[in-house]
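A quick write-up on the structure given underneath.
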Amino acid sequence: MGWKDGIWKWNIAPKFKCFWWLVIHNAILTWDNLSKRGIYGPSRCVLCSDDTEDINHLFVFCRFTKYIWSCLAHYYNFAWAWDDLPVRENFANWHRLQHQRLHFPILVCWIMWNNRNRIIFDHHKLSASTIIYQISQLYGLYPDKKHLKKRQSKILPQPDTWAQNIATFDGASQGGICGGGGTITLLDHRTIHYKVGLGAGTNTRAELLSLWALLTLARRLDCNELQVFGDSQVIVDWMNGKNVIKNAALNHWYQRTVCLRDTFAHITLEHFYREYNMATDSLSKDGINMEEGIMWYKDASNVDTGGWDILNNYTT
């Protein structure tokens, strides 16, 4: 059975299967297909403004799409990603080479299609980091066979089920220098990114101080209820009282973080795996190269909202 028939048996939602069937049959309503039906519009790709929009440009040749794919290939360590070929040929090659991630391009193109429509109908353009974050979360809902067999991960709730603000945090240490980063997605669907330099220390120290930074920022944003996700099982267990901290050097920061946590009206801390924490992982690595004790944050929901701001009076 070929991939064009086998797609209907894949473990993804029917809407993705129907969407991809339309894509491979050149039937989704890109500007070139709309013009064939007598509906005329801007015609140029709204993601890059470089060329006329058709299916192959939107999902393969668009400069913005290529950048998204390059980031995904780097993070997921693809030996082969998305090449400069028409969509059908690309997916046939993917089907042949990427046996554990057959549905991944479908999810990527779905997010890109939704972003394209958001720009046209809502005049709202998401940043590349937010799109990559959305892809990683969607992929978490439909993990490949390899990860599905090895472990079942806690993933972020669907946006339409949110009852409180959703946050992620991560810490990183390279050469003994620490950085932290994370995201806070508010109930109005704005996503705030932060990154912070954390000085010298271990990866565990970086994870703990990154959580402290997240909670500090959340209070500044007037978040009173928060659902937090992190990929450090050690920190999650410490904060949930499942393990006792035995590291005297970190006990001071642990106590401060617990006190800050207790200022929220409602807060939960849960574990999820790193492959679903891509945007946060990248932000924490950026923090390694930053000055110690300085936190930078920005609204990453829209590329037009400006650059990074400094959180005043934040020191470690």
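Points worth noting:
- Residues that are surrounded by fewer than 17 Cβ atoms within 10 Å (Cβ to Cβ) and either polar (S, T, N, Q) or on the phi > 0 side of the Ramachandran plot (or both) within the stretch 115-144 comprise Asn117, His123, listed in sequence order.
- Pick from the stretch 1-60, criterion surrounded by 11 or more Cβ atoms within 10 Å (Cβ to Cβ) and among the charged types (D, E, K, R), ranking: modelled with the lowest pLDDT: Lys4
- The listed residue being surrounded by 18 or more Cβ atoms within 10 Å (Cβ to Cβ), touching a Leu at 6+ places or on another chain (Cβ under 9 Å), modelled with pLDDT of 75 or more and part of a helix (DSSP H, G or I), out of Trp69, Trp94: Trp94
- Scanning the stretch 97-138 for residues that are of a type in the set (A, V, I, L, M) and assigned to a loop (DSSP other than H, G, I, E, B) gives Leu102, Leu126.
- Subset of the stretch 220-267 [basic (Lys, Arg) and under 15 Å from Glu207 (Cβ atoms)]: Arg256, Arg261
- Selection count where residues are of a type in the set (Gly, Ala, Ser) and without any contact (Cβ under 8 Å) to a residue 12 or more places away in the chain, scope the stretch 223-248: 2
The values are calculated or read from the model by the stated rules, or taken from the named source; none is laboratory data. Everything quoted here is computed from the prediction, not taken from an experiment. Neighbour counts run over all protein chains shown; Cβ positions are idealised from the backbone, glycine included.
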